[in-house]
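Notes follow once the structure below has been shown.
The values are calculated or read from the model by the stated rules, or taken from the named source; none is laboratory data. Fair warning: this is a prediction, and the values are worked out from it, not measured in the lab. Neighbour counts are summed over all protein chains in view; Cβ atoms, including those assigned to glycine, are modelled from backbone coordinates with ideal geometry. Keep in mind that these areas ignore ligands, DNA and RNA; they rest on the heavy atoms of the full protein, side chains included. Shrake-Rupley method; radii C 1.70, N 1.55, O 1.52, S 1.80 Å.
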Amino acid sequence: MSSDSGSPPAARPKVAPLQAVRGMNDVLPDESALWQRLEDAARAVFALYGYRNLRVPMVEPTALFVRGIGEHTDVVEKEMYTFDDRLSGESLTLRPEATAGIVRAAIEHSLCYERPQRVWLAGPMFRHERPQKGRYRQFHQFDVEALGFAGPDVDAEQIVMLARLWRELGVADGIRLAINSIGDAHERRAHRADLIAHFERHHDLLDEDARRRLHANPLRILDSKTPSMQAMIAEAPRLIDRLGPESRAHFDGLASALAGAGIAFEVDPRLVRGLDYYNRTVFEWVTDRLGAQGTVAGGGRYDGLFEALGGKPTPACGFAIGVERMILLLQGAGATAADAPLAYVVHSGDAAGTLARSLAESIRDAGHAAIVHAGGGSFKSQMKKADASGARYALIVGEDEAAARSVSVKPLREPGEQRAVPAREVVDAMTPASPMRATE
Ligand code: ATP
Ligand code: MG
């Protein structure tokens with residue numbers, strides 16, 4: 001509807017544009033094709049191993065994360081977005097990770113009552129960290145969990161599945177696997193005293209976080225990134241040297257399953273996870289191509305979590321992939337993803353517009369994307385938009401073509417003459433692009 005009141009529009013006050021919250025990013029259409037390629041590949045690979053999608057809320061009771069992740073962790077101490085529900089006053093938190101919510105849901109719905117479950121989830125996580133490349137306040141993960149499996153076969157299965165995903169994405173030679181065992185709770189207790197004694201001998205080297213954690217969570221000090229502490233950390237007593245027979249057998253079982261599958265790995269005795277509920281297997285896939293934020297996926301076993309959250313004892317193993325870091329890695333490897341349409345239809349006149357829209361529908365019937373120019377304008381300006389759309393072909397429908405029920409097909413991405421074809425043959429007159437892959 002047009003307004004023709006005759007009086008000039010009232011001047012509106014100028015409004016300053018708002019910006020996204022710091023550390024929370026928009027994914028714009030030019031970038032999202034690569035996100036979708038990663039998402040499609042991950043979904044397909046998870047399905048090949050029988051993992052099924054499960055979705056849980058983005059907000060959970062704060063107590064779930066405090067209990068499930070552990071009080072003395074970076075995530076719970078410093079990184080959670082926590083607020084009180086306006087009506088009930090209940091403390092709620094935006095999920096900083098997915099495992100606690102998945103286990104909550106599994107307990108709530110007795111998911112593992114009849115048989116173990118393989119599940120995965122994709123979505124945003126929230127942590128109040130200092131934003132930098134590869135580290136954001138809203139970021140995305142694929143989270144994969146095998147619930148009710150004692151391993152180590154399923155631990156190996158998940159690692160083999162990730163190796164397949166890296167191959168599928170063409171980044172396999174940029175990522176290496178590190179594994180470790182952090183034993184069971186009783187083994188960690190025995191190791192703990194030695195660890196504290198070691199750190200106390202080097203008290204002058206400990207940073208503020210490490211001093212605070214010395215008695216609460218000394219294992220976490222091993223995970224510190226403070227450069228001046230690294231040499232001292234490298235000398236710390238190693239838990240993997242003191243595993244009891246069961247943990248040792250679990251670790252050896254994992255190592256031989258990986259060797260059997262032809263997966264290379266290194267054992268990193270300093271590798272611990274930031275989250276308290278892990279036991280035995282821990283693993284990380286690391287790249288040197290992203291600077292300090294080099295861990296693209298991490299996971300391990302958490303046999304104690306179900307009980308810690310009020311469920312029946314249920315062994316389980318899982319991992320999370322950092323989507324933004326994978327996207328950076330893919331971009332660095334020169335990966336592209338095609339989302340350009342096959343055809344962009346330019347047209348002029350009523351009859352041509354009708355033909356243009358029906359041509360586009362027949363192209364879509366054949367399973368290809370087609371854009372019909374909208375908004376009028378000269379052929380010249382429409383052709384510019386056709387080019388900018390990335391389409392492989394411009395289809396030109398003028399009044400003459402409309403009268404003759406024909407269309408001019410012009411290749412935009414490779415040399416070739418424009419040629420007129422009957423409207424009903426338009427699909428056959430175009431060659432779709434071959435799917436693109438990472439150029440590694
Ligand atoms: P980091 O040591 O890098 O802080 P983390 O141990 O906190 O990682 P996890 O909780 O194991 O990470 O999460 C699994 C994966 O999620 C990480 O390996 C990483 O790829 C990704 N990730 C974690 N935190 C962020 C973040 N703030 N921004 C982007 N990706 C993240
Ligand atoms: Mg972290």
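Some observations on this one:
- DSSP beta bridge pairing in region 1-159, given as percent antiparallel to the nearest 5: 85
- Estimated distance in nm for a label pair at I263 and S358, the labels positioned 7 Å out from Cα along Cα-to-Cβ: 5.6
- Segment T431-R55, length gained on full extension (0.36 nm per residue, minus Cα span): 131.4 nm
- Over region 36-135, relative contact order from alpha-carbon pairs under 8 Å, at least 6 apart, %: 34
- Antiparallel bridges, percent of DSSP beta bridges restricted to region 343-430 (to nearest 5): 50
- Most mobile of R424, R176, R301 in a GNM of the chain (Cα contacts under 10 Å): R424
- The charge dipole of region 343-430, taken about its Cα centre with unit charges on the Cβ atoms of Lys, Arg (+1), Asp and Glu (-1) only, comes to about 260 debye.
- Helix 99-108 axis versus longest C-alpha principal axis of the chain: approximately 90°, rounded to the nearest ten.
- Cα-based shape type of region 10-126, given that a ≥ b ≥ c are square roots of the gyration tensor eigenvalues and the cut on a/c is 1.5: oblate
- Label-to-label distance, nm, for residues given as D209 and V421 (7 Å Cα→Cβ offset): 6.0
- Using C-alpha pairs under 8 Å with a sequence gap of at least 6, the mean separation divided by the residue count of the chain gives a relative contact order of 15 percent.
- For the chain, built as a Gaussian network whose Cα springs stay under 10 Å, the top-fluctuating residue of S88, S348, S181: S88
- Label separation (R22 vs R115): 5.1 nm, computed from points 7 Å beyond Cα along the C-beta direction.
- In the full protein context, region 277-337 carries 29 Å² of accessible surface per residue, based on a 1.4 Å probe and ignoring ligands, DNA and RNA.
- Note on K384: lysines with a C-alpha under 22 Å away, same-chain residues under 8 apart excluded, are K410.
- Max mean-square fluctuation residue, GNM over the chain, Cα-Cα springs under 10 Å, options A146, A338, A366: A366
- Gyration tensor verdict on region 343-430 (Cα atoms; rounded if a/c is under 1.5, prolate if a/b is larger than b/c, oblate otherwise): rounded
- Distances between placed amide hydrogens fall under 5 Å for Y81 paired with L94, H128, all partners being 5 or more residues away or on another chain.
- Length-normalised contact order of region 343-430 in % [C-alpha pairs under 8 Å, at least 6 apart]: 32
- Counting only DSSP beta bridges with both residues in the chain, the antiparallel share comes to about 80 percent.
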